[in-house]
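Comments concern the structure below.
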Amino acid sequence: MTAAAGRATRALPALFALLTAVHLGALLADATTVVHLTKPALMPVLAAWALVRGGPWPLPAALVCGCGGDVLLQIGGETAFLAGMGCFAAGHLCYLTVFTRIGRGVLLTRAGRPRTAPWVAAGYGAAWLGTVALLWPGLEADLRLPVAGYSLLLTVMALAALGAGPRTGLGGALFMLSDTLIAAGLADWPRPPVPQFWIMATYIAAQWLLMAGATREAAPRPGPEPALVRP
């Protein structure tokens, strides 16, 4: 590792932690200007961190897509919301590419054994179906199918993340929770106080866990030491 890479390895986590603290604090303090300035900076820093850690290219691409979604959701309005959802969907496809490359596939280990039991996949599917069914009556008619399709892709990504490892699995679950809180707002469901704080707290944690877990799992593993051969 070069000296510059070493400095970046130390500086980027500190910068990401600082931005996260400032952003979440600004949400609690209702400091709108600070919120709008810090939110678009979070994912690019995390993407740079992924590159420094040697992550595969779809990983920083997923985080850049997240940045696009963050910016569009800040703009507001239905058109920007749908475009932002499209950015996040592209990010989930990038994550799926990464998780599929880890081992033989989404649900298989390198040795070909199942990573996740069928009942786990069924549980994720039931969670998606139940959430969509409950949200459906409260959503605007032109948002129902896009939200259902997006949430299905998110659920598949979260299941793939679970198959890639415990850290990425937790990240996928938190991403689902964050987006469920957003959808609950669209359907006028009751939400916790300062909902944007909880949305962003779970979202930031999700993206960090997905990045950190994926770079760790995708790192080349040392092979067995060559046997000594007597001359």
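The values are calculated or read from the model by the stated rules, or taken from the named source; none is laboratory data. Model, not experiment: these values are computed from the prediction. With ideal geometry, Cβ positions are generated from the backbone for all residues, glycine too; neighbour counts draw on all protein chains shown. Remember, those area values only see protein heavy atoms, side chains included, never the ligands or the DNA or RNA. Shrake-Rupley method; radii C 1.70, N 1.55, O 1.52, S 1.80 Å.
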Only unsatisfied item for ARG191, checking (1) among the charged types (D, E, K, R); (2) free of Cβ contacts under 8 Å to residues at least 40 places away in the same chain; (3) assigned to a helix (DSSP H, G or I), is (3)
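Out of the residues in the range 202-211 meeting the condition of being open to solvent by less than 30 Å² (accessible area, probe 1.4 Å) and in contact (Cβ under 8 Å) with a residue 60 or more places away in the chain, tell me which one is farthest from ALA62 (Cα to Cα). Reasoning before the result, please.
If we filter the range 202-211 for residues that are open to solvent by less than 30 Å² (accessible area, probe 1.4 Å), which is where we start, we get 202-204, 206-207, 209-211.
From the residues that got through so far, the ones that are in contact (Cβ under 8 Å) with a residue 60 or more places away in the chain too are 204, 207, 210-211.
On the way: ILE204: 13, GLN207: 9, LEU210: 10, MET211: 9 Å.
Ranking the qualifying residues of the range 202-211, first place goes to ILE204.
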Going through the range 132-142 in order, the residues found to be assigned to a helix (DSSP H, G or I) and surrounded by fewer than 20 Cβ atoms within 10 Å (Cβ to Cβ) are VAL132, ALA133, LEU134, TRP136, PRO137, GLY138, ALA141, ASP142
Considering residues that are open to solvent by 50 Å² or more (accessible area, probe 1.4 Å) and part of a loop (DSSP other than H, G, I, E, B), the number found within the range 165-188 is 1
